[in-house]
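First the structure, in the form of structure tokens, and then the observations on it.
The values are calculated or read from the model by the stated rules, or taken from the named source; none is laboratory data. Here the structure is a predicted model, which is why all the values come from computation and not from measurement. Heads up, the Cβs are rebuilt from the backbone with ideal geometry, glycines too, and the neighbour counts pull from every protein chain shown.
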Amino acid sequence: MLLILFSISLCFSRVSPDTNTFTVLYTAVSDSADVPEVFSVAMVNGVQIDYYTSKTRQMICRQQWMTDVFSVEYWEYITNLGHKHSTMAKESLNTIMKGTNHTSGIHIFQWMKSVEISEDGSIKRSMSVGYDGKDYISLEPDRMRWVATNHLAVKTKEKWDSDESWNNYWKWQLEEECVQNLKKFMHLGKEYFERKVQPEVFISRSDPNNQYNPPTLSCLVTGFYPVNIEVTWLRNGERVSESQSSGVRPNHDGTHQIKKEIEVNAGDEDQYSCQIEHSSLAEAKVYQWGKELHWKCVCVCV
């Protein structure tokens, strides 16, 4: 599950208010009894819509609107696709392990395909593969040629470049299947994907573990949709850099959360505030520990 959440978090950097994005991630793991051999997640605009594991061998819907509009035949089709791609992912992991003489231990293969459709109708496609947490190989979809981003992937590149049926399949996936799926999701789930949910904000203070460390203020922003949000720490109204950020993370209900922390001098807490800018808000909102302030848009620091 941690691997799934880590993979999901990588998708948020690709989400833009001017594009719609469909992303599928497959992860294959060797020699691990704690997680399935293969699992996958599919996401639209940063929201998980379904998942598959090699243990359940079933594509599981994560959104009620999809359960309502898609037929049993559709779920049978994408479950079979899950079987096929899981087998590909596991075979690819085994091939890479053999080629790198990794005959034992836990090794991880991650494969991501994605399509983005902009407001002007232009389409961007991508496919990349990682091995043991590092870039391994990626696809140049315009030329349908593979690029070895790791010296260990040279043989894989040569093999995949020479396999016409392999490349034709992924060309069809990226140019037709994924594009049509994204258009279908955005049409049938229009009400869901165009909704706006205001965030909840919680400011907290934590004391240091020892007297030599400063206290920390945390700004937890949760329950918001869409994913794009700006969270900024201010000191006396001036922007300052946080010391740590969780990055945007998914909630179970299709909304998102992010937490930003900043170290402060003891007694200076009331000088700090957390500013939130989000499309669900008519104006920027600023929060302090123990109280809430509202700034008009003309006062927003950018």
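Quick notes on this structure:
- Verdict on I117 being in the same structural domain as S165 (by TED's automatic domain parsing), touching a Ser or Thr at 6+ places or on another chain (Cβ under 6 Å) and either assigned to a loop (DSSP other than H, G, I, E, B) or modelled with pLDDT of 95 or more (or both): no
- Set side by side, the residues V147, V129 differ, and just one is surrounded by 12 or more Cβ atoms within 10 Å (Cβ to Cβ) and farther than 26 Å from Y52 by Cβ, which is V147.
- Candidate set from segment 269-286 (those that are over 7 Å from L234 (Cβ atoms) and small (G, A, S)); member that is surrounded by the fewest Cβ atoms within 10 Å (Cβ to Cβ): A282
- Residue pairs meeting the criteria (Cβ under 9 Å; at least 6 apart or on separate chains; first touching a residue at least 12 places away in the same chain (Cβ under 8 Å) and in a helix (DSSP H, G or I), in segment 141-154; second surrounded by 12 or more Cβ atoms within 10 Å (Cβ to Cβ) and of a type in the set (A, V, I, L, M)): L152/I96; A153/I96; A153/V129; A153/I137; A153/V147
- Single unsatisfied condition, S246 versus (1) surrounded by 13 or more Cβ atoms within 10 Å (Cβ to Cβ); (2) among the hydroxyl-bearing types (S, T, Y); (3) in contact (Cβ under 8 Å) with a residue 40 or more places away in the chain: (3)
- Among the residues making up segment 150-167, a single one is surrounded by fewer than 18 Cβ atoms within 10 Å (Cβ to Cβ) and among the β-branched types (V, I, T): V154.
- Residue in segment 68-89 that is assigned by TED's automatic domain parsing to the domain that holds L174, surrounded by fewer than 13 Cβ atoms within 10 Å (Cβ to Cβ), assigned to a loop (DSSP other than H, G, I, E, B) and at pLDDT 90 or above present: yes
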